[in-house]
1. Working carefully through the options B:Thr124, B:Thr135, B:Thr139, find the one that is assigned by TED's automatic domain parsing to the domain that holds B:Ala222 and in contact with a Pro (Cβ under 8 Å, 6 or more places away or on another chain).
2. What single numbered condition from (1) of a type in the set (A, V, I, L, M, F, W, C); (2) surrounded by fewer than 24 Cβ atoms within 10 Å (Cβ to Cβ); (3) in contact (Cβ under 8 Å) with a residue 12 or more places away in the chain fails to hold for B:Val27?
3. Please find, within the range A:210-224, the residue that is farthest from the other protein chains (Cβ to nearest Cβ) out of those that are within 15 Å of ligand 1 (Cβ to nearest atom) and crowded, with 16+ Cβ neighbours inside 10 Å.
4. Restricting the search to the range B:339-376, which residues are among the hydroxyl-bearing types (Ser, Thr, Tyr) and in contact with a helix residue (DSSP H, G or I) (Cβ under 9 Å, 6 or more places away or on another chain)?
5. Can you confirm whether B:Ser326 is surrounded by 21 or more Cβ atoms within 10 Å (Cβ to Cβ), free of Cβ contacts under 8 Å to residues at least 12 places away in the same chain, in the same structural domain as B:Ile32 (by TED's automatic domain parsing) and of a type in the set (Gly, Ala, Ser)?
6. Looking at the range A:12-71 only, could you name the residues that are out of contact with any strand residue (DSSP E or B) (no Cβ under 6 Å at 6 or more places or on another chain), closer than 21 Å to A:Glu176 by Cβ and more than 14 Å from chain B (Cβ to nearest Cβ)?
7. Among (1) within 12 Å of chain B (Cβ to nearest Cβ); (2) open to solvent by less than 10 Å² (accessible area, probe 1.4 Å), there is one condition A:Gly121 misses while meeting the rest; what is its number?
8. Of the numbered conditions (1) within 16 Å of ligand 1 (Cβ to nearest atom); (2) among the hydroxyl-bearing types (Ser, Thr, Tyr); (3) touching a helix residue (DSSP H, G or I) at 6+ places or on another chain (Cβ under 7 Å), A:Ser83 fails exactly one; give the number of that condition.
Amino acid sequence: METDELTPPVIALSGLTKRYGLGDAEHTVLDGLDLTIDKGEFIAIMGPSGCGKTTLLNILGLLDRGDDGDYELDGRNVETMTSAGRARIRSNQIGLVFQNFNLVSRLNVIENVALPLTYQGKHKTKRLQEASKMLGTFHLSEREYYMPWQLSGGQTQRVAIARALVNNPSIVLADEPTGNLDSRSSHVIMEELADIHRRGNTIIMVTHNPDLTSYASRVIHMVDGRIDSDTKAPRPKKGELAPKKPLGTKRKPAKKPRKTKARKS
Amino acid sequence: MRLLITNHLANAYESLRANRLRTGLTVLGVTIGIASITVVLSLSAGATKIIGDQVAQAGGAIAVVRPGSPDHDTQVNNITATLAGAQPTSSLTQQDVSDIGNIPGVSAVAPLMLIGGNVTTGSTTPNDAEILATTPSLTDIVSLPMSDGQFIDSVTNKDTAVIGTQLAVNLYGTDQAIGRTFHTHGMTFTVIGVLKLTNTPVNYNNVDFDHAAIIGIDSGKAFNQGVASIQQIDLRASNDSKLASVVDQVNKKLSSNHQGEKDYVVLSGDALAHPANELFYTVAATLTTIAGISLLVGGIGIMNIMLVGVSERTREIGIRKSLGASNTHITWQFLIESLAMSLGGGLTGYVIGYLVAFGVARTFLTFDPVFNWTIAGLSFGISLLVGLIFGLYPAVRAARKDPIEALRQYH
Ligand SMILES: Nc1ncnc2c1ncn2[C@@H]1O[C@H](COP(=O)(O)OP(=O)(O)O)[C@@H](O)[C@H]1O
Ligand SMILES: [Mg+2]
C-alpha cells in the first residue's frame, strides 16, 4: 500500500474503451483495456494492422480520449485535467513519434526539432543548440536546413524521433519508429531509445519487427482492441533501473551494425 | 509567455512573407482606411493651427457667435456635422449684435452676412466672388489692411464697397480698382478701397477676403427683403483675461433674447479654431465615410484570410498541440498574425496619408498638414482594434481545434 502510494504506476488503464461511428456503423477499436505501466518500463506493442495500437498511443499521449473507462497518468485521472494542464504534460512529460511523422511542412528540419522546446519557453539560441545536438545524435547534422520534403523517408523518420526526444520526455510514445528504416538505422534508433530507457524513462513503442522486441522489458500483443498476451522479459527487478548486464547482452546486435558503419566510413 | 511573443512574431513574419500578395491585398483596406483618417485629421489639425495662429496674431481675445445648436463641439462631430451656418435663415438678429456691443468688456462687435449671387462688371463675372455685408467695426476685430483707398465707414455712401485684391484683378484685370464699379442684385457699387492680399482662404470667418466684396450691412439687408441674415457675429473683448466672462455674458444675453432657446453657439479659443468651412466638412465627411467602409472591408478581409490560414494550417495546429502548445499559444500565434497585418496596413496607411495630405496641401491649400502624436496614436489604436476584433474569432477557432481531429486533416 505504502509503496504504491509513493510511486503510483506511470500509466494505469482500466476498462479503457474507444468506439468509432454511430449506430450500425459503430465499431469498438479499444475494448475495455486494463493495463498498468510502471516507471522505467520499455514496452513493445505488437499486433495486426487495425487492432488499435495507434488509437491507444494517441489516448496515452493525451491527444485523444477514450469513451469509457479510466486513464490515470501518475495517479491522476486525465479526465479531470484542464486542456492547459494536458498541454503542459504533453510539453514537459511526453515525447510522441507519429506513424506518419507529422513534420510541419513549412518549417525546416532544425525548426521542426526545436518546436517542442518553444512551448517550454526556451530562448531561441538555446532551442537551436539543443535541437542541433539532438540531430547530431541521429546523424542528421548535414540536413539541419533541409525542408521536410527534401528528406528521404528514413531521414524524415529520424527527424520525427529527434523531435520527440528533444524535450527529454519521461514517457516516449513511438508509433512504429523504425517502420521505414533499414536494420542498421533501426538499431541506431533503438540504441537511442534504450539509452533514454536506461536513464529511467518509460518507453512505449509500437513495432512489427520481432527483432526489436529484444530491447523491450515487456511485450504486449494486441488483437482486435484487446490485449492478447502480456509478457515481461525475465530479469531481476533491480536491473530495470540499472540494467547494465541484461541490456549489455541485448545490445550486442545493436553494436554490430555500428561497428560495420564505423569501418565503412 | 513573453519569450513566445518574439517566436510568434517571427512565425507571423514568415507566414505573411510566404503569402506576400495575399497579405498585401488583404491589408489594403486597412491601409486606405488609415490613410483617409490621417489625411482628414492632419489637414484638420493644420487648419485648426492656422486659424489658431490668426486669432493669436489678432490679439487672441476673439469670440464668434454662430446660429445653430451647440451639440457639435467635439472634433469628430465637427468633421461629420453639416455646417451650422449653412441654414438659409439665421436665428441671429441685429438686436443681438447691438446687445452684445453693449456688454461691458466688449470692445468691438461686427455682424457677418454672406450674400449669394454674382458680382459683375457687365462684361466680366468671376465665379468665385463672395459678397459680405458687415459694419465698419469688422476692422477692429479682423486684421484687414488696405492696399489702396479706405474701408467702409459710417459716413461712406450706401453704394460703396471694398474688394479683395484677387477680386479686383478678376473683375478689372488690375488691382488699381478705386472708383471702378460693379453690379450685383440690380445695384451698382463703387469701389472705394482694395484690401491687401491676405492669402488666408481658411479662417474663422469662412470668408476668403481676397475674393470678397465687402458692402454695408444695410445694403445687404436690402438684398434680403430688409432682413439681416447674420451667419456670424464677431466680437473682441477688451483684453484676453476678460474673454471668458464676456463669453459668459454673451451667452446670458442671447439666452434672454432668444427666450431660452439654444439656437446659437458662442465659440472661442480652440473651438473657434476648428475649421467650419463647408467644403472642408464635405471633404472630411466623405473621407471619414471612406475610412469607415475601408476599415470594415479591411477587417473582414483580415478575418477571411485568417480563417483560410487556420484551415490551411489545421494539421500544423494539431502537430503543435501534440508537441505541447496550449490553446493560449495557438490563440496568440494567430492573433499576432492578424495584428501584424492590421498594424502593418495601418503604418503604411499612416505614411501614405501624410504624403497625400502634403500633396493636397501643397497643391490646393495655403497651409501644411500637422504631425502630432494624437493622429499617430489614433491610427495605431484603430489598426490595433481592427486586428483584434477581426482576428480574435479565427484565432480562438484555431485554438479550440481538437488535437486529434486536427492531425487527421490531410492536405
Ligand atoms: N477517425 C476514425 N474514424 C473511424 N475509424 C477509425 C478512426 N481512426 C481509426 N479508426 C479505426 O480504428 C481501428 C484501429 O486503428 P489504429 O489504431 O490506427 O490501428 P493500428 O495502429 O493498430 O493499425 C481501425 O480499424 C481504423 O479503421
Ligand atoms: Mg497504427
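1. On the way: B:Thr124 fails: in contact with a Pro (Cβ under 8 Å, 6 or more places away or on another chain); B:Thr139 fails: in contact with a Pro (Cβ under 8 Å, 6 or more places away or on another chain).
Answer to the check: B:Thr135.
2. B:Val27 satisfies every listed condition except (2).
3. Among those residues, the one meeting the criterion is A:His221.
4. B:Ser342, B:Thr348, B:Tyr350, B:Tyr354, B:Thr366, B:Thr374
5. The answer is yes for B:Ser326.
6. A:Pro48, A:Ser49, A:Gly50
7. Looking at each condition in turn, A:Gly121 falls short on (2).
8. (1)
The values are calculated or read from the model by the stated rules, or taken from the named source; none is laboratory data. The structure displayed is predicted, hence computed values, not measured ones. Reconstructed Cβ throughout: ideal geometry from the backbone, glycine too, with neighbour counts over all protein chains shown. In case anyone asks, the SASA skips ligands and DNA or RNA and just uses the protein heavy atoms, side chains included. Shrake-Rupley method; radii C 1.70, N 1.55, O 1.52, S 1.80 Å.
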